[in-house]
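We did not get these values from a lab; they are worked out from the coordinates using the rules stated. Predicted model only: the values in this text are computed from it and were never measured. Methodologically, a virtual Cβ is constructed for each residue, glycine included, from the backbone with ideal geometry; neighbour enumeration extends over all protein chains shown.
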C-alpha cells in the first residue's frame with residue numbers, strides 16, 4: 001500500500017472524493033444519524049457538494065484511487081484566528097492503516113499558522129472521538145444538536 005496525500009485537483013479526483021463522502025456516511029453513520037437523512041444523501045448529492053466546494057481539500061490515493069479526504073480552513077468572521085477540520089473521511093477498508101493520521105497531519109500542516117484548531121464530531125461516534133484524541137484533540141464541553149441529521153455533536157480542540 002503506497003498512499004499518496006495531495007491537494008484535490010482533477011475532475012476524476014473530485015468524483016472520487018464524492019464517492020468517499022457518500023460511502024463513508026453510509027458505512028459509519030447508520031444508527032448515529034437520521035436514517036431519513038442518509039436515505040437522501042445520494043452519490044449525486046455528494047458530487048454536487050464536491051464540485052461546489054473544492055477548496056481546502058486534501059485527498060488520499062491508493063494506486064490512483066481516492067480512498068479518503070480531509071477538508072480544512074478557518075472559521076471566517078466568526079473566529080478568523082481559529083482553524084477548523086470540516087471533514088475527514090476514509091473508506092472503511094482503510095480503517096486502522098494510518099490513512100486518517102496522514103490526512104490529519106497534512107491538514108494541520110496547511111493550517112500551521114493557527115494556534116488553535118477545532119472540529120465537530122458526532123457525540124456517539126466513539127471511534128472518531130478516539131481517533132481525534134490520538135491526534136491531540138480534546139472535547140471542550142461545547143455541544144450542539146443538529147436537526148439536519150437528528151444527532152448531537154461535540155466540539156474538540158487542538159491547542160498548539
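Can you sort 140, 74, 2, 55 by how many other beta carbons sit within 10 Å, fewest first?
2, 55, 140, 74
Fully extended, how many nm does the chain gain between residue 12 and residue 130 (0.36 nm per residue separation, minus their Cα-Cα distance)? Walk me through the intermediate numbers first.
Working: separation 118, 0.36 × 118 = 42.48 nm, distance 3.18 nm.
Using 0.36 nm per residue and subtracting the Cα-Cα distance, I get 39.3 nm.
Do me a favour and compute the ellipsoid semi-axes for segment 1-65 from its Cα gyration tensor, root of five times each eigenvalue, largest one first, whole Å.
Details: eigenvalues 106, 41, 16 Å².
Equivalent-ellipsoid dimensions as semi-axes: 23, 14, 9 Å.
What FRET efficiency comes out for residue 105 versus residue 146 if R0 is 30 angstrom and r is the Cβ-Cβ distance? Round to the nearest 0.05.
Values: r = 28 Å, r/R0 = 0.92.
After rounding, the FRET efficiency stands at 0.60.
Would you work out the relative contact order for segment 3-117, in percent, from Cα pairs under 8 angstrom that are 6 or more residues apart?
28 percent
Under the 0.36 nm per residue contour assumption, what length would be gained going from the current alpha-carbon distance of residue 2 and residue 139 to full extension? Walk me through the numbers before you get to the answer.
Working: separation 137, 0.36 × 137 = 49.32 nm, distance 3.28 nm.
This chain segment gains 46.0 nm when fully extended.
With N set to the residue count of the chain, report its C-alpha Rg divided by 2.2 N^0.38 Å to two decimal places.
On the way: Rg = 15.1 Å, N = 160, 2.2 N^0.38 = 15.1 Å.
Cα Rg divided by the expected 2.2 N^0.38 Å: 0.99.
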